[in-house]
Amino acid sequence: QVQLVESGGGLVQAGGSLRLSCAASGRTFSSDAMGWFRQAPGKEREFVAAVSWSGTKTYYADSAKGRFTVSRDDAKNMVYLQMNSLKPEDTAVYYCAADYGSAWVLRGVTPKYWGQGTQVTVSS
């Protein structure tokens, strides 16, 4: 059974930082791109960032560029999202996601595997 379990969310003041973690199990993820999405109240889910199966390529939404860093550690089956200079508009539930290859990232296709999400709240 494939599981993606997020952690690291919480309440932080604007300008602060958080590091989200995603523990993956039940599948070999070394051939999967892994990434993060978020959904704010009343808004559609949106792509935030992803890292290729090799770890050599990263992809970011414009809102995340320069502030967020996505990374992975295949030895630990983990993917991370370091978020700096957080803004109130970053408030959302953040979801870890994964699927085979990187095509789903490049084509904007919904990935197959999802976590349950972790809440990030940024106060002004």
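What follows draws every value from the coordinates through simple rules; no lab data is involved. As the structure is a prediction and not an experimental result, all values here were calculated from the model. Using ideal geometry, Cβ is built from the backbone for each residue, glycine included, and neighbour counts are taken over all protein chains shown.
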Relative contact order, percent, the chain [alpha-carbon distance under 8 Å, six or more residues apart]: 35
Neighbour cut-off at most 16 other Cβ (10 Å), DSSP loop, GluC sites (Glu not before Pro), segment 1-76: E44
Zone residues, segment 1-45, relative to M78, backbone N less than 14 Å from point 7 Å out along Cα-to-Cβ: 5-9, 19-25
Reachable lysines, given that their alpha-carbon falls under 30 Å from the alpha-carbon of K43 and they are not under 8 places away in the same chain: K57, K65, K87, K112
D_trans [Stokes-Einstein, Kirkwood Rh over alpha-carbon pairs] for segment 1-118, 25 °C, 0.890 mPa s, µm² s⁻¹: 175
Where Rh is the Kirkwood radius over Cα pairs, Rg/Rh for segment 2-48: 1.03
